[in-house]
Amino acid sequence: MYSCLWHRQNDLKMKNKKKTTYNPGITVGLEARRRYVEIAAAVGLLLVLLAMMAPFLSGLMGRSMMWAKWVYAAGALVYTIARVINVNAPGDSLRLRRLRRLEFWAGMCFIIGGAFWFYKLDYYSGFFAGPLAVMRQTVAFTMAGAVIQIVASWMIASQMKKEQRLTIND
């Protein structure tokens, strides 16, 4: 099949370059995609955090609410898009796949919270409506999304450690 040993060694080197050293089931492309997805999700969460803090820190409630709702919506959208991208390896367990799918639902909570912010800001357009009157449902859905995200990330880390221990022991 191979004319000389040198061709066989080069083929083996090329195959080994595509694989990672710590988990042979994950290709380098998947690792890079996971890294970019996690960075995008973190940026989205930071935008959501910035928007949630803006109405409480600013003395001018009306002006801060106008740009903050757009920042919140952009952060929720970036986070949800990052969670839609498939970062599962072909050998991942069903539980790990479901936990990653759960992170998408945290993003949906953020999007619903943003929709309430747009709706309620127009509904409570009076001068005496404070930030909490406008943002009551937004805060509730943001907290629900944050709890889902925290639980899912802890469970994903725990499951990945467990699967790594099982593959090392086998």
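Every read-out reported here was derived from the displayed coordinates using simple, explicitly stated rules and does not represent laboratory data. Note that the coordinates shown come from a computational prediction; the quantities given were computed from them, not determined experimentally. Using ideal geometry, Cβ is built from the backbone for each residue, glycine included, and neighbour counts are taken over all protein chains shown.
Counted by neighbouring Cβ atoms within 10 Å, the residues Ser93, Ser158 run from fewest to most as Ser158, Ser93. Put in order of Cβ neighbour count within 10 Å, fewest first, the listed residues Lys120, Lys69 become Lys120, Lys69.
By other beta-carbon atoms within 10 Å, ranking Trp67, Trp117 with the fewest at the front produces Trp67, Trp117.
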